[in-house]
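The values are calculated or read from the model by the stated rules, or taken from the named source; none is laboratory data. It should be emphasised that the depicted structure is a prediction, and the values quoted were computed from it without experimental measurement. Cβ: placed from backbone, ideal geometry, glycine included. Neighbour counts: every protein chain shown. Note: accessible area is taken over every heavy atom of the protein model, side chains too, but ligands, DNA and RNA are not part of it. Shrake-Rupley method; radii C 1.70, N 1.55, O 1.52, S 1.80 Å.
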Amino acid sequence: MSEIHLNRRGINFIEVPEEVEATPGSDVTLHIINHGSPLHITLASTNSSIFTDFFHENLYVVGDAEFTIPIREGTYPGVFSVEVISGYGARRAEFRVVVRERAAPEPEPVEVSPAASVPAVSSGWRSSAPVVLLGAAALALYGLWLVYRVDLLNAAAFAVLFLGVILTWLRQRS
């Protein structure tokens, strides 16, 4: 439940939350608290049609009031805004309603038998050995190019490094 305060800081003054959260199939309940003399307010939303049937409502608030904005059951996550207007348009305040997906129910814990808890041996070092060797060869060829300034060594270092990148990419795909 979100609170909207009216007339707390002055006549027709409106205080709204910055953001309200909702989920598909739920209601956004607004608790409107009037701290002063009775007044007319307007609740309006121009960008809420994909989330709710709510569009516009005029309310006469004497003390406390509640207003509910129903969110459609099958709606997708998104954001719309609600504007609160008092003083026949003299004061306006706006807040966002964020429609989030429902949290997925937590899966029940699965018991694992003791035989299945033996850790698998990682073959990560053996599978990446050719890539590491290609990287070392490219580094060695580049070092030789820095010493001897033979352009063929620089091109070979680039070709070996490029071959290592392609090999790594192909291993990631499979």
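Measure off 7 Å from each Cα along the Cα-to-Cβ vector at LEU139 and GLU101, then give the distance between these two points in nanometres to one decimal.
In this crude label model, LEU139 to GLU101 measures out at 4.2 nm.
Gaussian network model of the chain, Cα springs within a sub-10 Å range: biggest mean-square fluctuation belongs to which of ASP27, ASP151, ASP64?
ASP151
Express in whole angstrom the spacing between the alpha-carbon centres of segment 53-99 and segment 1-26.
Spelled out, the Cα-based centre of one part sits 9 Å from the other.
³J(HN,Hα) across segment 31-46 via Karplus (A = 6.51, B = -1.76, C = 1.60, θ = phi - 60°), whole Hz, x for Gly/Pro?
9, 9, 10, 9, 8, x, 6, x, 8, 8, 10, 10, 9, 9, 8, 9
Under 5 Å between amide H atoms, partner at least 5 residues away or on a different chain: which partners does ARG91 have, H built in plane at 1.01 Å?
Amide H neighbours of ARG91: SER86.
Bin width 10 Å, origin at 0, all Cα-Cα pairs of the chain: what percent of pairs per bin?
8, 22, 13, 8, 9, 13, 15, 9, 2
What distance in nm separates the simple spin-label points at PHE55 and ASP27, each placed 7 Å from Cα in the Cβ direction?
Rounded to a tenth, the inter-label distance reads 2.2 nm.
Grab the beta carbon distance between ASP64 and GLU108, set R0 = 30 Å, and tell me the FRET efficiency rounded to 0.05.
0.10
Given the whole protein assembly as supplied and a 1.4 Å probe, what does the accessible area of THR29 come to in Å², nearest 10?
30 Å²
Which residue, ALA159, ALA90, ALA103, tops the fluctuation ranking in a GNM of the chain built on C-alpha contacts under 10 Å?
ALA159
Note down the nm distance, to one decimal, between modelled labels 7 Å out along Cα→Cβ at VAL131 and at GLU19.
3.7 nm
Counting only the heavy atoms of the protein chains, how much of ARG102 is accessible to a 1.4 Å probe, in Å² to the nearest 10?
Rounded to the nearest 10, the figure is 130 Å².
Summarise the accessible area of the chain (1.4 Å probe, protein heavy atoms) by the percent that is carbon and sulfur.
The C+S portion of the solvent-accessible surface of the chain is 59 percent.
Output the antiparallel fraction of DSSP beta bridges having both residues in the chain, as a percent to the nearest 5.
Roughly 75 percent of the DSSP beta bridges within the chain come out antiparallel.
Where the only charges are on Cβ atoms (+1 Lys, Arg; -1 Asp, Glu), what is the dipole of the chain about its Cα centre, to the nearest 20 debye?
1080 debye
From the protein chains alone at 1.4 Å, what is the descending order of accessible area for ILE33, ILE41, largest first?
Per-residue accessible area, sorted high to low, gives ILE33, ILE41.
Run the 1.4 Å probe and let me know the accessible area of THR46, rounded to the nearest 10 Å².
Its heavy atoms expose roughly 130 Å² to the probe.
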